[in-house]
Amino acid sequence: MDEILFVYSQINIEIMDKIKVVAAVIKKDDKILCMQRCRSRQTYNSERWEFPGGKIEKHECDHEALLREIKEEMDWDIYVGRRIGTVSHDYPDISVEIAAYLCKPGDGEFTMLEHLDAKWLTANELPTLNWADADKKIVELIRKL
Ligand SMILES: Nc1nc2c([nH]c(=O)n2[C@H]2C[C@H](O)[C@@H](COP(=O)(O)OP(=O)(O)OP(=O)(O)O)O2)c(=O)[nH]1
């Protein structure tokens with residue numbers, strides 16, 4: 001029975017649509033902006049740390065999606081630079097593919113409209129936070145830059 005359930009869960013993961021997400025690694029001097037997600041029903045990501053961003057909408061390119069998400073979540077304008085890399089992760093109910101971009105802050109300050117907390121940390125300090133599982137892979141990419 002356990003074997004049948006295991007095979008079924010593997011098939012389930014393979015047929016799950018990959019949700020395409022963009023994330024902004026916003027760097028000011030040597031510090032990177034880290035944001036804490038709110039408490040949520042997705043317990044595995046509840047109050048975990050992430051890079052701001054979100055799902056890419058139909059007919060949007062990564063760049064447009066990033067600018068829109070940061071405006072919506074933080075009422076902030078950023079400059080989007082080069083892509084650091086793309087990571088994939090299978091959560092229990094969804095599968096995500098996250099493209100992470102190196103970004104610079106625009107003028108002014110951000111407002112925390114959808115997050116619990118924010119911290120500016122150096123690349124070496126990043127592993128001290130409780131990151132969303134997918135983001136642990138992004139943190140590794142950043143530490144290799
Ligand atoms: N924005 C963002 N989402 C992430 C990261 N890491 C990670 O696993 N995710 C997951 C959480 C969500 O299941 C999914 C999409 O993120 P989201 O909930 O921020 O996207 P969104 O603002 O478009 O979502 P919605 O609430 O409008 O539906 O990606 C990350 O670093 N940034």
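Name the residues in region 117-132 that are surrounded by 14 or more Cβ atoms within 10 Å (Cβ to Cβ) and either more than 13 Å from the chain's Cα centre (by Cα) or among the acidic types (D, E) (or both), would you?
A118, K119, W120, L121, A123, L126, L129, listed by residue number.
Restricting to strands (runs of 3 or more DSSP E) lying wholly in region 41-142: which have 3 or more residues that are over 23 Å from K28 (Cβ atoms)?
Where strands (runs of 3 or more DSSP E) fall fully within region 41-142 and carry at least 3 residues being over 23 Å from K28 (Cβ atoms), they are 78-90, 95-105.
What is the number of the single condition among (1) open to solvent by 60 Å² or more (accessible area, probe 1.4 Å); (2) in contact with a strand residue (DSSP E or B) (Cβ under 6 Å, 6 or more places away or on another chain) that R143 does not meet?
Failing condition for R143: (2).
The values are calculated or read from the model by the stated rules, or taken from the named source; none is laboratory data. All values derive from a computational prediction rather than experimental measurement. Because the Cβ atoms are built from the backbone with ideal geometry, glycine has one as well, and the counts that use them run over all protein chains shown. Surface areas here come from the heavy atoms of the whole protein model, side chains and all, with no ligands, DNA or RNA. Shrake-Rupley method; radii C 1.70, N 1.55, O 1.52, S 1.80 Å.
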